[in-house]
1. Cβ-Cβ under 6 Å, sequence separation 6+ or interchain: first residue in segment 193-209 and in contact (Cβ under 8 Å) with a residue 60 or more places away in the chain and acidic (Asp, Glu), partner open to solvent by 10 Å² or more (accessible area, probe 1.4 Å) and away from the ligand (no atom under 12 Å from the Cβ). Which pairs?
2. Does segment 210-241 hold any residues that are open to solvent by less than 30 Å² (accessible area, probe 1.4 Å) and of a type in the set (Ser, Thr, Tyr), and which are they?
3. Mind checking which residues of segment 143-178 are among the hydroxyl-bearing types (Ser, Thr, Tyr), within 16 Å of the ligand (Cβ to nearest atom) and in a loop (DSSP other than H, G, I, E, B)?
4. Please return the ranges of strands (runs of 3 or more DSSP E) entirely within segment 7-114 where 2 or more residues are hydrophobic (A, V, I, L, M, F, W, C).
5. Of the conditions (1) within 15 Å of the ligand (Cβ to nearest atom); (2) surrounded by 17 or more Cβ atoms within 10 Å (Cβ to Cβ); (3) free of Cβ contacts under 8 Å to residues at least 12 places away in the same chain; (4) not hydroxyl-bearing (Ser, Thr, Tyr), Ala138 fails just one. Which one is it?
6. Could you list, in sequence order, all residues of segment 115-138 that are outside any helix (DSSP H, G or I) and of a type in the set (S, T, N, Q)?
7. Residue check, Val108 against (1) in contact with a Leu (Cβ under 7 Å, 6 or more places away or on another chain); (2) within 30 Å of Gly186 (Cβ to Cβ); (3) away from the ligand (no atom under 12 Å from the Cβ), all met but one. Which one?
8. Among the residues of segment 148-165, what is the count of those that are crowded, with 24+ Cβ neighbours inside 10 Å and aromatic (Phe, Trp, Tyr)?
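The values are calculated or read from the model by the stated rules, or taken from the named source; none is laboratory data. Remember, predicted model here, so these are calculated numbers, not experimental data. Cβ sites come from the backbone with ideal geometry, for glycine too, and all protein chains shown count toward neighbours. Protein only, heavy atoms only, side chains kept; ligands, DNA and RNA dropped before computing areas. Shrake-Rupley method; radii C 1.70, N 1.55, O 1.52, S 1.80 Å.
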Amino acid sequence: MRPKAMTPPSTPNLALRVLPSESALFDALAEHVIALAARAHGEGQPFTLALAGGSTPRALYAALARPEQRARVAWQNVVAAFGDERCVPPSDPESNERMARESLLDGVPARVLRVPTELPPGEAAQRYELSLRALFHAPIGPPRRTFDLALLGLGADGHTASLFPHAAALVDEHAWAVAVPAPAAGPMRVSLTLPVLAAAGELAVLVSGAEKRVALHGSLYGPFDPARWPLQALAARGARVTVWADPSAAGM
Ligand code: 6PG
């Protein structure tokens, strides 16, 4: 089922695909992940994937874990990392790693690059950065090319990964991963920074639900304000950002 094109967003490099339903959204994005993984495998390259956190992606990962879909990916060729993580143990219900392992990773032989949340947040971010630098053969300096695909979510306030509106992390040009406070009273987080995400081959932002409508509209059609809308900040860096949404998030 082909996604329905929408009015082009006001920021270049930002695209919107609206699928006919929430389940069609997860199925279509799962197919896209499978296709990208197959392309990398066909080229004899590992498929490097940054996983989104929160709750929405659970259904996407479950779709990829379905036996028919799972069998279509050479998981031994996949390296999965995290766009961000809460600084809690991997057994904690808040953990993005726990959510990804429960819904997908525990059932496939992918290599997992985890955020070492057993360390204090600052050290966890530094250690995670070292593992990413090793993965992408960039021991020093800025990232040239990172993930084949970075999956992201969108918060109701417009944040993505753990890059919150007006946060200092949005202007960090050097670190690849940073420890950041969550705006609510939640645990500290470790987040990839804009340079690392923008260096991905492609970014897919998974957005579902009416509560995301304002954030989606502001990100795609609002005035250009990259400090307020992190997706605009990513696109302004030349990243190919596609928002994959269901009708309720798109306001249809
Ligand atoms: C996190 C995510 C965060 C998430 C959005 C949407 O760790 O919370 O990385 O950026 O994607 O907040 O979360 P939901 O999918 O739960 O709405």
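1. Short answer, once both residue conditions are applied: Glu202/Arg240.
2. Ser219
3. In the first step, residues of segment 143-178 are kept if they are among the hydroxyl-bearing types (Ser, Thr, Tyr); the result is 146, 160, 162.
Next, only the ones that are within 16 Å of the ligand (Cβ to nearest atom) stay: 160, 162.
If the condition is that a residue be among the hydroxyl-bearing types (Ser, Thr, Tyr), within 16 Å of the ligand (Cβ to nearest atom) and in a loop (DSSP other than H, G, I, E, B), then Ser162 is the only one that fits.
4. On the way: elements: 14-18, 47-51, 78-82, 84-86.
The strands (runs of 3 or more DSSP E) meeting that bar are 14-18, 47-51, 78-82.
5. For Ala138, the exception is condition (1).
6. If we filter segment 115-138 for residues that are outside any helix (DSSP H, G or I), which is where we start, we get 115-120, 136-138.
Passing the criteria: only Thr117.
7. (1) is the only condition that Val108 fails.
8. Final tally of qualifying residues: 0.
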